[in-house]
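Since the structure comes first, as structure tokens, the remarks are kept for the end.
Bear in mind these aren't lab numbers, they're just calculated from the coordinates by the rules spelled out. As the structure is a computational prediction, the values presented were derived from the model and not from experiment. Reconstructed Cβ throughout: ideal geometry from the backbone, glycine too, with neighbour counts over all protein chains shown.
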Amino acid sequence: MSFRSTFDAAYYERFYLDPRTRVAGPLDVEVQARFLCAYLDYLGIRVRRVLDLGCGLGRLRDPLCEHFPGAVYTGVEVSEHLCAELGWVHGSAATFRSGSGRRFDLVVCQDVLQYLDDAEAEQAIDSFTRHCRGALFFGVLTREDWEENCDRARTDGNGYLREGSWYRRRLAPAFTCAGGGVFVARRAGVVTFELDRAE
């Protein structure tokens, strides 16, 4: 079972737009984007095509396209509300397929998989593997995060709260964890030094 029915205007107002209740503000997104772009530069991953699975408001689009001039951004979103409002491709992280069959230099999937049941979450991870030729920027609310790390008043706890190891095991065959939510596709041929890896 998925929790997709909650992704309406009220959901985004509460968790993304209202300064009193949102999880993160514009400055948080700016810092996250600066980190991601700098780390991809450090790793030598040239970004020309970006796939953002569960892009929501698409807050990473502008900073990524500014840092990587000429990059093409594809935002995929399950929320019909946001697709109508912002023009995203309607689809799911679990089932999206690129029409061209071409891979992406960067795949982004932040705070999505906790809303998918185990089978759908595994399909989404298969999708990352299929579409990514460079790096994956991945984040998800885990059980430990819910119990110890997040502000529950500002975080949506509806969903499947799994152990972090559940995700790590499924990502490991195709990705090397480089820390900070960055996973390098093994097919990319990027060298990651031992102490840069979070494995």
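Find, among the trypsin sites (Lys or Arg not before Pro) in the stretch 49-121, those assigned to loop by DSSP (not H, G, I, E, B) with at most 16 other beta-carbon atoms within 10 angstrom. Could you put the intermediate results ahead of the total?
Working: sites: R49, R59, R61, R97, R102, R103; in loops: R59, R97, R102, R103.
Here the sparse-neighbourhood loop sites are R97, R102.
When each of F193, F175 is scored by the number of other beta-carbon atoms lying within 10 Å, the sequence from fewest to most is F193, F175. For the stretch 108-139, backbone nitrogen atoms closer than 14 Å to the point 7 Å from F193 Cα along Cα-to-C-beta are found at no residue. Size check on the chain: the Cα extents along the three principal axes, sorted descending, read 42, 35, 32 Å. In order along the stretch 61-67, phi translates into HN-Hα couplings of 4, 5, x, 5, 6, 6, 6 Hz, rounded to whole numbers, per the Karplus curve 6.51 cos²θ - 1.76 cosθ + 1.60 with θ = phi - 60° and x for Gly and Pro.
In a simple Cβ point-charge model (Lys, Arg +1; Asp, Glu -1; nothing else charged), the stretch 4-196 has a dipole of about 800 debye relative to its Cα centre.
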